[in-house]
Amino acid sequence: MAPRQIIIDTDPGQDDAVAILLALASPEEIDLLGITAVAGNVPLSLTTRNARIICELAGKRETRIFAGCDRPLAHSLVTAEHVHGKTGLDGPDLPEPTMPVQEQHAVDFIIDTLRSRPAGTVTLCPIGPLTNIATALQRAPDIAARVQEIVLMGGAYFEVGNITPAAEFNIYVDPEAAEIVFGSGIPLTVMPLDVTHQALVTGARNTAFRSLETPVGTAVAQMTDFFERFDKAKYGSDGAPLHDPCVTAYLIRPELFSGRHINVEIETQSPLTRGMTVADWWGVTDRTPNALFMGGVEADGFFNLLTERLARL
Ligand SMILES: [Ca+2]
C-alpha cells in the first residue's frame, strides 16, 4: 500500500517531538507533506523553532515547516510552560535550528495542499490546539470534502481534564476551533487522554530509548525524563504519557488502538466546563456519531513500535 500523505499540525512540545520523529522514521507508511506549527504549549515563535530543531535532530532538513496561527480564534492564548518548560522542548541540549521556515502561511499550505491533490488522499494530524485547521475550514469550506481523515490528539471522557477539571489542554486552548472541526463532517479519529494516559514512559521504556545510543534515542530519553516530572507529581503515574505519538502510531499500526464510533460535542460556553469533550460513550443520546473516539491502546506494542522506529534515525 502507498504511504498515507499527511500534514502534522503541531505545537512542540516534547511529546509532539516524538510524534514527529516517529513519522519521519516511517516512510513506508507515512509521507509527511509538511509540518504546520500553531501556538499552544508555547507561543508560535517557539513551536516553529522546535519543529525545526526536531527535523534537524532527525537529519530531515528537507522537511517543509510552515508557521500558522499565533492565537486562538476567540480567546487569548493559554500556554503550558509548567509542563513543557520555558522553551517547550526542555530536557535535551539541542542546537538552535538553521533550516528555513517556508514563507507560505500554514493555513494557506493546508488549503492549497487539499485543493491540489486528489480528494480523499490527504490526512490531517493535529496534535495541538485546532486553530490552524479550523481557520482553513472557515476560509475554504470546500476542503472539508477533500480531507481523507483527521486523526487528532485531544479531549477526554473517563479522564475528564488535565488543564482544568473538565477539559484537556488542546481542546481547552481553542474550543471554538474544536467545535468547527468536530462539526465539519470530516471522518475523525480522536486520541483522548483516556488512551494517552495508558501510554506511559516507565523507567524501562525510557532506558530502551537511551540504549539506542543515538542522538535521537538520547534526546527522546532526556525529553521524556523532563516531561515526566509534571505527570508523576500530578497523577502519581509511572512516567510521562506520550500523548501525541498515539496519532502517528495509529497511522502505522491502527490495530494497537480500540475505541467506539460515537458523538462528541465541544462545550464552548460554560465557564466551569469550557473545552470539555462531551463524548456520548454510552450512547445515551440520539446525536449522530461524528468521531471514532479511542479508549484503549496496547501499550507494550506501542512502545516496541516507537523504539524500533526511532532506532532508524
Ligand atoms: Ca501537542
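FYI, it's all coordinate maths here, none of it is from the lab. No experiment lies behind these values; they were computed from the predicted model shown. With ideal geometry, Cβ positions are generated from the backbone for all residues, glycine too; neighbour counts draw on all protein chains shown.
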Taking a ≥ b ≥ c as the square roots of the eigenvalues of the Cα gyration tensor of the range 1-158, is the shape rounded (a/c under 1.5), prolate (a/b larger than b/c) or oblate?
-> oblate
Can you sort Phe169, Phe257, Phe303, Phe158 by how many other beta carbons sit within 10 Å, fewest first?
-> Phe158, Phe257, Phe303, Phe169
Divide the volume of the convex hull of the Cα atoms of the range 57-101 by its number of residues and quote the answer in cubic angstrom per residue.
-> 107 Å³
Calculated FRET efficiency, Tyr235 and Thr288, Cβ-Cβ r, R0 35 Å, to nearest 0.05?
-> 0.55
Between Arg260 and Glu213, what length comes free when the chain is fully extended (0.36 nm per residue of separation minus the Cα-Cα distance, one decimal in nm)?
-> 13.0 nm
Neighbours of Lys234 by Cβ distance under 14 Å: Lys/Arg at +1, Asp/Glu at -1, summed charge -3
Per-selection Kirkwood Rh - the range 112-249 (Cα, Å, 1 d.p.) = 16.4 Å
Taking all pairs of different Cα atoms in the range 100-192, averaging 1/r and flipping that mean, what Kirkwood radius in angstroms comes out?
-> 13.7 Å
May I ask you to evaluate 6.51 cos²θ - 1.76 cosθ + 1.60, the Karplus curve with θ = phi - 60°, for each residue of the range 98-115 and list the ³J(HN,Hα) values in order in whole Hz, giving x for glycine and proline?
-> 10, 5, x, 9, 5, 6, 5, 5, 4, 5, 5, 4, 4, 5, 4, 5, 5, 6
Given H placed on each backbone N at 1.01 Å, which residues far from Asp174 in sequence or on other chains put an amide H within less than 5 Å of it?
-> Leu130
Rounded to the nearest 5, what is the percent of antiparallel bridges among the DSSP beta bridges in the chain?
-> 30 percent
In nanometres, what is the gap between the two model label sites at Met99 and Ala119, each 7 Å from Cα along Cα-to-Cβ?
-> 3.4 nm
Under a point spin-label approximation (7 Å from Cα along Cα-to-Cβ), what is the Ser45-Glu81 distance to one decimal in nm?
-> 1.2 nm
Compute the label zone of Asp108 within the range 24-55: residues whose backbone N is under 20 Å from the point 7 Å along Cα-to-Cβ.
-> 33-39, 44-45, 48-49
Across the range 296-313, in residue order, what do the Karplus-derived ³J(HN,Hα) couplings come to in whole Hz, using 6.51 cos²θ - 1.76 cosθ + 1.60 with θ = phi - 60° and x for Gly and Pro?
-> x, 9, 7, 5, 5, x, 4, 6, 5, 4, 4, 5, 4, 6, 4, 4, 7, 7
From DSSP H assignment alone, runs of 4+ in the chain each adding -39500 (n - 2.57), the sum over residues rounded to the nearest 500 puts [θ] at 222 nm at -10500 deg cm²/dmol
Per-peptide average of other Cβ atoms within 10 Å, ordering 30-43, 258-271, 208-221 highest first = 30-43, 208-221, 258-271
Return Met223, Met276, Met99, Met1 ranked ascending by Cβ neighbour count within 10 Å, so the fewest neighbours appear first.
-> Met1, Met99, Met276, Met223
Using a/c under 1.5 as the rounded threshold, could you call the chain rounded, prolate or oblate? The axes a ≥ b ≥ c are square roots of the C-alpha gyration tensor eigenvalues, and prolate needs a/b larger than b/c, oblate otherwise.
-> rounded
Hey, how many Å between the Cα centroid of the range 217-237 and the Cα centroid of the range 34-74?
-> 22 Å
For Gly13, distant residues with modelled amide H under 5 Å away = Leu89
Ranked from fewest to most other Cβ atoms within 10 Å of their own Cβ, Arg139, Arg205 fall in the order Arg139, Arg205
Can you give the charge dipole size of the range 1-88 about its Cα centre, rounded to the nearest 20 debye, using +1 on the beta carbon of Lys and Arg and -1 on the beta carbon of Asp and Glu?
-> 260 debye
